[in-house]
Amino acid sequence: MHKNTICIWYDKDAEAAARFYAELFPDSAVTRVSHAPGDYPSGHKGDVLTVEFTVCGIPCLGLNGGPAFSQSEAFSFQISTEDQAETDRYWDAIVGNGGQESACGWCKDRWGVSWQITPRTLMEALAAGGAEAARAFEAMMQMRKIDVAAIDAARKG
């Protein structure tokens with residue numbers, strides 16, 4: 001067991017979500033599926049109750065807790081990408097699988113979990129500070145999916 005594990009509440013599809021993440025991201029896997037030993041408020045004995053998985057090496061637990069709580073942007077996974085091709089691949093997989101676009105590199109998967117698909121060049125620009133960061137930030141604020149070439153152009157001025 002890990003000392004710290006991220007627990008993500010799903011209505012009923014924790015296993016499907018975990019398998020999707022495991023197929024999409026490197027260093028990701030479904031490691032255990034546990035079934036309910038008895039009936040519970042949002043399920044029955046034998047239903048999938050929890051799913052242990054990793055996303056890019058981060059340990060997670062998916063809990064099929066029912067509809068009582070929903071996802072919000074207050075929690076998100078931030079995935080660092082190297083180039084436009086990697087950015088497009090993750091973005092298109094999440095949005096194209098029943099998800100939805102948001103602003104500034106954020107999107108949601110079909111289970112409502114928020115993702116920041118963030119090219120490294122954007123983070124480097126923001127870390128640089130000053131005019132370079134301001135230009136990159138202004139460019140980012142106009143985007144949904146991050147356009148690496150546009151961020152690089154903004155960095156240069």
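The values are calculated or read from the model by the stated rules, or taken from the named source; none is laboratory data. These numbers come from a predicted model, not from an experiment. What goes into the accessible areas is simple: the full protein's heavy atoms, side chains included, and nothing from ligands, DNA or RNA. Shrake-Rupley method; radii C 1.70, N 1.55, O 1.52, S 1.80 Å.
Structure data summary
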quantity	calculated
Intensity falloff of the range 49-96 expressed as log10 I(q)/I(0), Debye formula with alpha-carbon point scatterers, at q = 0.13, 0.30 Å⁻¹	-0.45, -1.15
GNM flexibility winner over the chain from GLY130, GLY62, GLY105 (Cα, springs under 10 Å)	GLY130
Among PHE137, PHE69, PHE53: highest mean-square fluctuation, GNM of the chain, C-alpha pairs under 10 Å	PHE69
Cα-only Debye scattering, the range 1-58: base-10 log of I(q)/I(0) at q = 0.20, 0.25, 0.26, 0.28 Å⁻¹	-0.76, -1.04, -1.08, -1.17
Equivalent ellipsoid dimensions for the chain as semi-axes, Å, which come from the Cα gyration tensor, largest first	35, 14, 13
Solvent-accessible area per residue, Å², over the chain with all protein chains present [probe radius 1.4 Å]	55
Sulfur and carbon atoms: percent of accessible area, the range 74-157 [1.4 Å]	50
